[in-house]
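Data block below; observations after.
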Amino acid sequence: MKWYNQLFSNSTADAKVHNCMLSSERIKLVPIDESYLSFLLDLRWNKNICETIIFEPITKEQQLNWYKNLKNAQMFCICLKDGTPIGAIGAFEIHSIHRRCKWTLRIHPDHWRKGYAAEAVKIFLDYIFNTLNINKLMGDCFSDNIAEVNNLRKLGFKEEGLWKEHYFHKGKYRDAIQFVMLKRDYDKIINSL
């Protein structure tokens, strides 16, 4: 029943209870609140990030609306230990009965290739599988985003399918790969992460 209550919780206060667990030597995952919305919108609109992710433009008002109506989700700002935000990671569409969810990750380009993404994912996976008791974590990326495809494979995610011409992005249809990690696979690879 513990996982059921946690999955139905929508408040960031509940995530703050686990905040002490959501950190490493260099970073911490902080539940988002309104103070991070401007940073998250800037991250969403960053030109370098928009080249590699599914980009759906939104306004400040839409961002605030998204935050106020956030349900079945656990969203975090990735911060350096001094509190400086450098990215975002989170689970959404958390399904309490089937114990599955989707996830998202964005790192500001100033912090690319420094290991922060992998570090954040390791913290996040522990939270997803061992605290929220999720069985299946799903996400997708453009099939031609070789860096992300390789990183997901390296982290232990498995390809579940190829979606042909799934997204319309920058004037053309692009293929996407669905990547998943199951709890049993996470348990097998935890020590190698």
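Can you tell me which residue is modelled with the highest pLDDT among those in the stretch 96-116 that are on the phi > 0 side of the Ramachandran plot and open to solvent by less than 80 Å² (accessible area, probe 1.4 Å)?
So, considering only residues that are on the phi > 0 side of the Ramachandran plot and open to solvent by less than 80 Å² (accessible area, probe 1.4 Å), the one modelled with the highest pLDDT is R99.
On the basis of being more than 27 Å from R184 (Cα to Cα), out of contact with any Lys or Arg (no Cβ under 6 Å at 6 or more places or on another chain), surrounded by 14 or more Cβ atoms within 10 Å (Cβ to Cβ) and at pLDDT 85 or above, does Q74 make the cut? Taking the combined requirement at face value, the residue does not satisfy it. Within the stretch 148-187, the set of residues being farther than 19 Å from A120 by Cα and either open to solvent by less than 80 Å² (accessible area, probe 1.4 Å) or not in a strand (DSSP E or B) (or both) comprises G161, W163, Y167, H169, K170, G171, R174, D175, A176, I177, Q178, R184. For N130, the conditions (1) in contact (Cβ under 8 Å) with a residue 24 or more places away in the chain; (2) under 16 Å from M181 (Cβ atoms); (3) open to solvent by 60 Å² or more (accessible area, probe 1.4 Å); (4) part of a helix (DSSP H, G or I) all hold with the exception of (1).
Being open to solvent by less than 70 Å² (accessible area, probe 1.4 Å) and among the polar types (S, T, N, Q) is true of N135. In summary, K81 fulfils each of the numbered conditions (1) open to solvent by 30 Å² or more (accessible area, probe 1.4 Å); (2) in contact with a helix residue (DSSP H, G or I) (Cβ under 7 Å, 6 or more places away or on another chain); (3) touching a residue at least 40 places away in the same chain (Cβ under 8 Å) with the single exception of condition (2). If you check E119, E61, E93 for being open to solvent by 50 Å² or more (accessible area, probe 1.4 Å), modelled with pLDDT of 90 or more and closer than 29 Å to N133 by Cα, only one passes: E93. Within the stretch 28-58, can you find the residues that are at pLDDT 90 or above and polar (S, T, N, Q)? Passing the criteria: S35, S38.
The values are calculated or read from the model by the stated rules, or taken from the named source; none is laboratory data. Please read these numbers as outputs of a predicted model, since none were measured by experiment. Positions of Cβ are backbone-derived with ideal geometry, glycine not excepted, and every protein chain shown enters the neighbour counts. When the accessible area is computed, the model is the full protein with side chains, heavy atoms only, and any ligands, DNA or RNA have been set aside. Shrake-Rupley method; radii C 1.70, N 1.55, O 1.52, S 1.80 Å.
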